[in-house]
Amino acid sequence: MSRDYILHKVRTALGRSVDQPPPAPPPARIAVPTAGMEEKIDSFCQRLEALAGKTHRAVSFADALDYVQRVVAGRPAVASNAPLLAACGVTSLPSVRSGLTDREELRTLCSTAAVGITSADFCLADTGTLVMLSSREEARLISLLPPIHVAVVGSERILSGLDELLTAVPLPAEQSSSMVLITGPSRTADIEQILVRGVHGPGEIHVAIAS
């Protein structure tokens, strides 16, 4: 069956001719639900914990720092250059390396670090998802390579869901070379349908929500 014949059948089914231009695309169906901040925080925590993630609602930056310090527990860690981490004091912890700009040095440290610490550009309440826009402040390797990922995020960064994200960032390619959505620890069941965590990324994820 020739390509021209197949396309002819498709055009006929659509009631179109060869030279007829395609119609304008329909408007995007974006609906942002109305929800208060507490409701969004509760939803985010519930969804992430349902996927074996761990959350901590910090009452202050010092409380967020204390939580990160307990997770790191003196082990080697790499932190991104996100301003929030410096504001909380995370980058000053003794075993944490930060301020890295050389890619090869960053890759080497991430491959041996026990913990990767980042912030997040946004969080999605309806799925418990972290949204990471790759930048000089947030290198992808830190959230993907170490076996434990800790994210410290401001409560104002929690959105209701994907529709609100696409309203806030309608053209992510204009802001970043990569937008990564992280929903819970890495997991796969490719082999004999047995669930295994940590195969394609961190097997443990923590999120501290700082107000």
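The values are calculated or read from the model by the stated rules, or taken from the named source; none is laboratory data. As the structure is a computational prediction, the values presented were derived from the model and not from experiment. We place every Cβ from the backbone using ideal geometry, glycine too, and count neighbours over all the protein chains shown. We work out accessible area using only protein heavy atoms, side chains counted, and drop any ligands, DNA or RNA first. Shrake-Rupley method; radii C 1.70, N 1.55, O 1.52, S 1.80 Å.
A few notes on this one:
- Just one of (1) open to solvent by less than 90 Å² (accessible area, probe 1.4 Å); (2) farther than 30 Å from ARG103 by Cβ; (3) outside any helix (DSSP H, G or I) fails for ASN81. It is (2).
- Flag if ARG16 is farther than 30 Å from LEU109 by Cα and open to solvent by 60 Å² or more (accessible area, probe 1.4 Å): yes
- Residue selection: LEU65 fails the criterion of being farther than 30 Å from ASP102 by Cβ, part of a helix (DSSP H, G or I) and not hydroxyl-bearing (Ser, Thr, Tyr).
- Between ALA52, ALA31, ALA35, the distinction of being within 27 Å of VAL169 (Cα to Cα), in a loop (DSSP other than H, G, I, E, B), out of contact with any Ser or Thr (no Cβ under 6 Å at 6 or more places or on another chain) and at pLDDT below 95 belongs to ALA31 only.
- Meets criteria (open to solvent by 20 Å² or more (accessible area, probe 1.4 Å), at pLDDT 90 or above, out of contact with any Ser or Thr (no Cβ under 8 Å at 6 or more places or on another chain) and under 30 Å from ALA73 (Cβ atoms)) for LEU181: no
- Scanning the range 133-148 for residues that are closer than 19 Å to ALA87 by Cα and open to solvent by less than 10 Å² (accessible area, probe 1.4 Å) yields one hit, ILE142.
- No other residue among ALA113, ALA139 is among the aliphatic types (A, V, I, L, M), at pLDDT 95 or above and at negative phi apart from ALA113.
- LEU106 vs. criteria at pLDDT 95 or above and not in a strand (DSSP E or B): no
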